[in-house]
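**Q** This is the structure I want to talk about, given as structure tokens.
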Amino acid sequence: MNSQHAHLPEALAAPRQQFITARGERIAYYADVNGSGHPLVFIHSINAAPSSFEWQPLFAHYQGQRPVYCLDLIGFGHSERPNCVYTPELFSAVIVEFLTRVVQPPAEVLALSLSSEFAARAALAAPALVHSLILVSPTGFTTRPLPSATAARLIHRLLRLPGLSQWLYDLVASRRSIRYFLGRSFIGAVPKALIDYAHATAHQLGARHAPLTFLSMQLFTPNAMTQLYSRLALPVLVIADQDPYITFEQLDAFVAAHSTWRIARLTPHLGMPQWEKLPEMIAVLAQFWRQ
């Protein structure tokens, strides 16, 4: 089988639907509207092989209790994977369109890692559509500097060189590489099903385009605390302990200075508490939503 056309199964046990953005891109999502209360909207991470499968345990728990949605971001999953310019603004615009046209009632938005920045940007653009944010291992609280915009563009041009582009992506999207990188995010064993799905989604036509932009660091917002997080007026819960790819040196001070923000550690976890700390995460979410 051509690795670029590997079969991609469903990530979640819910109907998969799609909508077309104002720009004309096809965006897939999973939805089960049974249940009551504010809808829950899950947004996967950004890396070489992310997917809605990352949220499977928590999505399954709330399915039937609350209306639940899980979005395949542009460039990933069953959504269109165009060879276009990927930017934070593009991802947040897709989220806003999804909330506006599909979800509609104000939602509790749960985002993982870098997608926390996209979710925050979407909440700033459309505050009436977001009731609260739950950010798991969010980026933007590190003291590590980002490369300059000029350096990031240069890195991206190098990553897109003919021959190098596909070779590099094939390297990071190999089963061995996926197993290694996912393994760093788990204290215990990585579920085989998660590895299998990550490998499958990484071998779709056009799969390299968005991840290579991510590797160039162009999808991160400089000064995210000031530009995004500090401008949020809605309730925000951060769930963060340790993460092999993200540091949180500025997180405690930021939360202490912002009254609408809360933090839960759920110690120990390495960035995937929905898999390794599910009961504790459910309890923390229930408490947060009762406030």
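**Q** Just checking, which of Leu129, Leu133 is under 20 Å from Arg290 (Cα atoms) and either without any contact (Cβ under 8 Å) to a residue 40 or more places away in the chain or not aliphatic (A, V, I, L, M) (or both)? Let's see the steps before the verdict.
**A** Details: Leu133 fails: either without any contact (Cβ under 8 Å) to a residue 40 or more places away in the chain or not aliphatic (A, V, I, L, M) (or both).
After ruling out the rest, the residue left standing is Leu129.
**Q** Of the residues Phe19, Phe42, which is surrounded by fewer than 21 Cβ atoms within 10 Å (Cβ to Cβ), in contact with a helix residue (DSSP H, G or I) (Cβ under 7 Å, 6 or more places away or on another chain) and not in a loop (DSSP other than H, G, I, E, B)?
**A** Sole residue among the options that is surrounded by fewer than 21 Cβ atoms within 10 Å (Cβ to Cβ), in contact with a helix residue (DSSP H, G or I) (Cβ under 7 Å, 6 or more places away or on another chain) and not in a loop (DSSP other than H, G, I, E, B): Phe19.
**Q** Right, here's the next one. Given the structure, is Ala111 more than 14 Å from the chain's Cα centre (by Cα), closer than 30 Å to Ala152 by Cβ and in a strand (DSSP E or B)?
**A** Details: more than 14 Å from the chain's Cα centre (by Cα): no; closer than 30 Å to Ala152 by Cβ: yes; in a strand (DSSP E or B): yes.
No, not satisfied.
**Q** Which residues, counting only those in the stretch 234-257, are part of a loop (DSSP other than H, G, I, E, B) and out of contact with any Leu (no Cβ under 9 Å at 6 or more places or on another chain)?
**A** Our first condition is that a residue be part of a loop (DSSP other than H, G, I, E, B); within the stretch 234-257, this holds for 234-235, 240-250, 257.
Result: Tyr245, Thr247, Phe248, Glu249, Gln250, Ala257.
Conditions (1) free of Cβ contacts under 8 Å to residues at least 40 places away in the same chain; (2) touching a strand residue (DSSP E or B) at 6+ places or on another chain (Cβ under 9 Å); (3) among the hydrophobic types (A, V, I, L, M, F, W, C); (4) closer than 24 Å to Phe288 by Cα, marked per residue:
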position: His7; (1), (2), (3), (4): no, no, no, no
position: Gly24; (1), (2), (3), (4): yes, no, no, no
position: Glu54; (1), (2), (3), (4): no, yes, no, yes
position: Phe59; (1), (2), (3), (4): no, yes, yes, yes
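For every residue, the table says whether it meets (1) crowded, with 17+ Cβ neighbours inside 10 Å; (2) closer than 17 Å to Trp55 by Cβ; (3) in contact (Cβ under 8 Å) with a residue 60 or more places away in the chain; (4) not polar (S, T, N, Q).
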residue	(1), (2), (3), (4)
Tyr245	no, no, yes, yes
Arg262	yes, no, no, yes
Arg265	no, no, no, yes
Pro279	no, yes, no, yes
Gln291	no, no, no, no
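**Q** Filtering the stretch 52-99 down to residues that are of a type in the set (Gly, Ala, Ser) and part of a helix (DSSP H, G or I), which residue is farthest from the chain's Cα centre (by Cα)?
**A** Ala60
**Q** Considering the stretch 222-233 alone, what residues qualify as being surrounded by fewer than 17 Cβ atoms within 10 Å (Cβ to Cβ) and either aromatic (Phe, Trp, Tyr) or assigned to a loop (DSSP other than H, G, I, E, B) (or both)?
**A** Pro222, Asn223, Ala233
**Q** Right, here's the next one. Does Ser177 qualify as being at pLDDT below 95, outside any loop (DSSP other than H, G, I, E, B) and farther than 23 Å from Ser116 by Cα? Lay out the reasoning, then the answer.
**A** Working: at pLDDT below 95: no; outside any loop (DSSP other than H, G, I, E, B): yes; farther than 23 Å from Ser116 by Cα: yes.
Spelling it out, it is not the case that Ser177 is at pLDDT below 95, outside any loop (DSSP other than H, G, I, E, B) and farther than 23 Å from Ser116 by Cα.
**Q** Consider Ser132 carefully, then state whether it is under 22 Å from Gln250 (Cβ atoms) and either aromatic (Phe, Trp, Tyr) or surrounded by fewer than 24 Cβ atoms within 10 Å (Cβ to Cβ) (or both).
**A** On the way: under 22 Å from Gln250 (Cβ atoms): yes; either aromatic (Phe, Trp, Tyr) or surrounded by fewer than 24 Cβ atoms within 10 Å (Cβ to Cβ) (or both): yes.
Criteria met by Ser132.
**Q** Give the residue that is surrounded by the most Cβ atoms within 10 Å (Cβ to Cβ), with candidates limited to residues of the stretch 175-221 that are within 18 Å of the chain's Cα centre (by Cα) and polar (S, T, N, Q).
**A** Thr201
**Q** Before we move on, is Tyr169 aromatic (Phe, Trp, Tyr) and closer than 26 Å to Gln274 by Cβ?
**A** Details: aromatic (Phe, Trp, Tyr): yes; closer than 26 Å to Gln274 by Cβ: no.
Here the answer is no, as Tyr169 does not meet what is asked.
**Q** Sticking with this one: Which residues, counting only those in the stretch 22-39, are over 11 Å from Leu71 (Cβ atoms) and assigned to a strand (DSSP E or B)?
**A** Taking the stretch 22-39 and keeping what is over 11 Å from Leu71 (Cβ atoms), we get 22-26, 32-39.
Matches in the stretch 22-39: Arg26, Asp32.
The values are calculated or read from the model by the stated rules, or taken from the named source; none is laboratory data. Bear in mind that the values here come from a model prediction, so they are computed numbers and not experimental data. Note: ideal-geometry Cβ built from the backbone for every residue, glycine included; neighbour counts use all protein chains shown.
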